[in-house]
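Working notes, beginning with the structure itself.
No value in this document is a laboratory result; all are computed from the given coordinates. What you see is a predicted model; the values in this text were computed from it and never measured. Positions of Cβ are backbone-derived with ideal geometry, glycine not excepted, and every protein chain shown enters the neighbour counts.
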Amino acid sequence: MSLDKKRTLSKELTTANQDIYTVPPSFSGNVTSIIISNASSSSVTFSLDWYDSTATQYHTIAETVKMVPNSIIQITEYSLFLEKNDKIRGLASANSAVTVTVSTEEMFEPRNRFA
């Protein structure tokens, strides 16, 4: 029985950075798609970054990207490979306007089981 799994998670952003997805312990993650939607009738901006837990460092994915009202952006050109405890976080210029949806494949890594 394989412990690998595919997951889709969504988070409505606020004006403060918040975690959208964190790779669970004993897994690695392959983020295959990130969809950002602006459901409001106003222009907004969003920012996303990923945290490399091994290097204890954040890396920018998108910084203050402007979205027109009622629009979506999909990031799918390249997969983002993450290790256990790595995460994606984001914020928006307005509360309750931007939703980020992440699709990922999680692969069980037995060597990480007790680390």
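Points to keep in mind about this one:
- Check on A94, surrounded by 14 or more Cβ atoms within 10 Å (Cβ to Cβ), assigned to a strand (DSSP E or B) and over 10 Å from the mean Cα position of the chain (by Cα): no
- Residues of segment 47-71 satisfying the condition of being among the hydroxyl-bearing types (S, T, Y) and within 17 Å of I36 (Cβ to Cβ): S47, T60, T64, S71
- Looking only at segment 65-76, residues that are of a type in the set (S, T, Y) and crowded, with 17+ Cβ neighbours inside 10 Å come to 0 in all.
Residues checked against (1) touching a Leu at 6+ places or on another chain (Cβ under 8 Å); (2) surrounded by 14 or more Cβ atoms within 10 Å (Cβ to Cβ); (3) free of Cβ contacts under 8 Å to residues at least 40 places away in the same chain:
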residue	(1), (2), (3)
N38	no, yes, no
T45	no, yes, no
Y78	no, no, yes
K84	no, yes, no
I88	yes, yes, no
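- For segment 47-64, a residue qualifies if it is polar (S, T, N, Q) and either over 12 Å from the mean Cα position of the chain (by Cα) or loosely packed, with under 13 Cβ neighbours inside 10 Å (or both), and the qualifying residues are S53, T54, T56, Q57, T60, T64.
- Residues being in contact (Cβ under 8 Å) with a residue 40 or more places away in the chain, under 18 Å from Q18 (Cα atoms) and not aliphatic (A, V, I, L, M) - total across segment 47-76: 2
- Among the residues of segment 7-26, those that are farther than 22 Å from S79 by Cβ and outside any loop (DSSP other than H, G, I, E, B) comprise E12, Q18.
- Of the residues making up segment 28-57, those that are aromatic (F, W, Y) and in contact with a Lys or Arg (Cβ under 6 Å, 6 or more places away or on another chain) number 1.
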